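Written below as structure tokens is the structure these notes are about.
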Amino acid sequence: MGHKTTPNLFRLGTTKTWNSRWFADTNQYKDFIYDDARVRQFLKKKLNKHFVDKVEIERDGKKMTVIINTAKPGVVIGKNGNGADELKNEIIKIINAKNKKINVDVVIKEQKNADLSASILAEQARLDIEKRIPFRKVMKKIIDKAKQAGVKGIKISMAGRLNGVEIARRETLGWGSVPLHTIRADVDYANDRAETIYGSIGIKVWVYKGLVFESEQKKEDKEENVRKIKEQKFDSSKGVFNKQKEEKVPVRKAHVVNRRPEPVAKTIKKKVVRSTKKVNNK
């Protein structure tokens, strides 16, 4: 039997990468996971209507960088950068960075082609549903936006008491193709929840942007990096990789022997002398 899985998780390591990028030992791992979850929960609540695509977290030693990809960077940054400073101070309080002596940095990036992002499309649908716009009109509006942006396919699904009916149901509308079983396909997925007076309405969006092919140069670079890593040795005392010293092989110079050219055999022509003798018949 087949099982449903998140398309983003299904493609980790191939066409998608991790949103949290850091390394930790056994003691710090659970603390980092808990801090990341609290930071994402705070940002989702704080930036509820700012069309945030994703939040990336990077750690390097005692430094933590929070990267916010949004379609409205000016609104998030605020006047004279007050909005970014406020977010930074709140994150420092959440993870208790002062006691842990961690430097927190907040980077806000602009999300280009916002209509290609499943998270932003799902948020737009949520805001329209909460304004009591009919769900079919909202679904068609989201599909038209994605088509104009140049997607290869899109599917949107809504479930709950749609338009305030008594019996909850699920409605799905799509356009184009969405190959969920092809790992090489770049499929973006997001879900959201709209809170109405009738109850909660769940929203799911799948966006297919096309196939991803790895260039030959990237393949060669990966093979070269793997070869270099294999040539290194791990030093357990220092916790680092040490490069092996290449042994220099002495190069012997070729000894050239001058030889006399072999004599060319001369062809001797022999003269054939034919003797003519007269025979006397007696």
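Laboratory data are not the source of any read-out in this text; all were calculated from the coordinates shown. This structure is a prediction, so every number in the text was calculated from the model and none was measured. Here the Cβ positions follow ideal geometry from the backbone for every residue, glycine too, while neighbour counts run over all protein chains shown.
A few remarks follow.
- Global geometry of the stretch 1-111, whether rounded, prolate or oblate, following the gyration tensor of its Cα atoms and the 1.5 cut on a/c: oblate
- For the stretch 2-15, Karplus couplings with θ = phi - 60° (6.51, -1.76, 1.60), whole Hz, Gly/Pro x: x, 10, 7, 9, 5, x, 5, 5, 5, 10, 5, x, 10, 9
- In this rough spin-label picture, where each label sits 7 Å from Cα along the Cβ direction, the residue 8-residue 213 distance is 2.8 nm.
- Electrostatic dipole magnitude of the stretch 1-111 [Cβ: Lys, Arg +1; Asp, Glu -1; Cα centre; debye, to 20]: 240 debye
- Stretched out straight at 0.36 nm per residue, the stretch from residue 100 to residue 42 would grow longer than its current Cα-Cα span by 18.9 nm.
- Pairs with C-alpha atoms separated by more than 23 Å, drawn from the list 46/101; 54/222; 112/145; 49/101; 155/222, are 46/101; 54/222; 49/101; 155/222.
- Of 178, 205, 52, 107, the sequence from fewest to most neighbouring Cβ atoms within 10 angstrom is 107, 178, 52, 205.
- Fewest-first sequence of 25, 128, 35 by Cβ atoms within 10 Å of each Cβ: 25, 128, 35
- Cα-based shape type of the stretch 140-187, given that a ≥ b ≥ c are square roots of the gyration tensor eigenvalues and the cut on a/c is 1.5: oblate
- Residue 21-residue 159 FRET efficiency (beta carbon distance; Förster radius 25 Å; 0.05 resolution): 0.15
- Across the stretch 61-75, coupling constants 3J(HN,Hα) worked out from phi with the 6.51/-1.76/1.60 Karplus curve, θ = phi - 60°, read x, 9, 10, 10, 10, 10, 9, 10, 9, 9, 7, 10, x, x, 5 Hz, and Gly and Pro carry x.
- Residue 186 sits among other residues whose Cβ lies under 11 Å from its own Cβ, and their net charge, with Lys and Arg +1 and Asp and Glu -1, is +4.
- Once both labels are positioned 7 Å from their Cα atoms along Cα-to-Cβ, the gap between residue 110 and residue 182 label points is 3.2 nm.
- Cβ-to-Cβ counts within 10 Å put 177, 119, 157 in ascending order as 177, 157, 119, the fewest first.
- Extension gain from residue 144 to residue 89, taking 0.36 nm per residue of separation minus the Cα-Cα distance: 15.8 nm
- Applying a threshold of 30 Å to the alpha-carbon distances of 16/45; 30/209; 72/137 flags 30/209 as lying beyond it.
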